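Engineer: Sending over a structure as structure tokens; questions will come in a sec.
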Amino acid sequence: MPARALDWPSLGPDDPLHRATYRRALTRVRRFCVGLPDAGEKISRGHMPVFTSHAKNFAMVARSDNRASLWIAAAPGAQAVIVGAEPARYYLPPYVGKRGWIGAWLDGDVDWPALEELLRDAHALVIPTPTRRAR
């Protein structure tokens, strides 16, 4: 049995999250996401790795079109701009796309600085803002 890329649950021998071709990208995503302040990781639906902060999701590792990808929370309006500008790298993900999330392919030519900026922005969306003192 070939070694799995990460310790995430597998959907079977063809699971893209456990293909050697995605190992480096998935490891990099995981390391970056859990390295953000107060960030953690959980498994949703028994098989989907989700990155959270303060009990809110900001990114999910997904299997789309038999490829590993990342679904990222985004500010209003960002999805149309980013997906429209680079449709080979970014796409409208199912389920969460209607809420403005962005899908990012993890194969091919990944623009890591841009992807990490999107993840930082997504993380910032879920961290609580400081409460103002009553006057």
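Engineer: What are the pairs, 6+ residues apart or on separate chains, where a residue within segment 31-53 that is on the phi > 0 side of the Ramachandran plot has its Cβ under 8 Å from a residue that is β-branched (Val, Ile, Thr) and at pLDDT below 95?
Structural biologist: Hits for this filter: ASP38/ILE127.
Engineer: Then there is this: Return the residues of segment 56-78 that are over 13 Å from the mean Cα position of the chain (by Cα), surrounded by 14 or more Cβ atoms within 10 Å (Cβ to Cβ) and at pLDDT below 95; say none if nothing qualifies.
Structural biologist: Listed by number, the list holds a single entry, ARG67.
Engineer: On the given criteria, is TYR22 hydroxyl-bearing (Ser, Thr, Tyr), crowded, with 18+ Cβ neighbours inside 10 Å and at pLDDT below 90? Before the answer, list the steps.
Structural biologist: Details: hydroxyl-bearing (Ser, Thr, Tyr): yes; crowded, with 18+ Cβ neighbours inside 10 Å: yes; at pLDDT below 90: yes.
So TYR22 fits the description; yes.
Engineer: Let me ask something else about it. Report every pair of residues separated by at least 6 positions or lying on different chains whose Cβ atoms are under 8 Å apart, first residue within segment 71-93 and in contact (Cβ under 8 Å) with a residue 40 or more places away in the chain, second loosely packed, with under 13 Cβ neighbours inside 10 Å and part of a helix (DSSP H, G or I).
Structural biologist: Filtered contacts from segment 71-93: no entries.
Engineer: While we're on this one: Out of SER10, SER53, report the one residue that is at pLDDT below 70, among the hydroxyl-bearing types (Ser, Thr, Tyr) and either under 20 Å from ALA104 (Cα atoms) or surrounded by 12 or more Cβ atoms within 10 Å (Cβ to Cβ) (or both).
Structural biologist: Values: SER53 fails: at pLDDT below 70.
None of the other options fit; the residue is SER10.
Engineer: Pairs under 8 Å by beta carbon, first residue within 19 Å of PRO37 (Cβ to Cβ) in segment 95-122, partner in a helix (DSSP H, G or I) and of a type outside the set (A, V, I, L, M), six or more apart or different chains?
Structural biologist: GLU116/PHE32; LEU119/PHE32; LEU119/CYS33
The values are calculated or read from the model by the stated rules, or taken from the named source; none is laboratory data. Please read these numbers as outputs of a predicted model, since none were measured by experiment. All Cβ positions, even for glycine, are placed from backbone atoms using ideal geometry, and neighbour counts span all protein chains on display.
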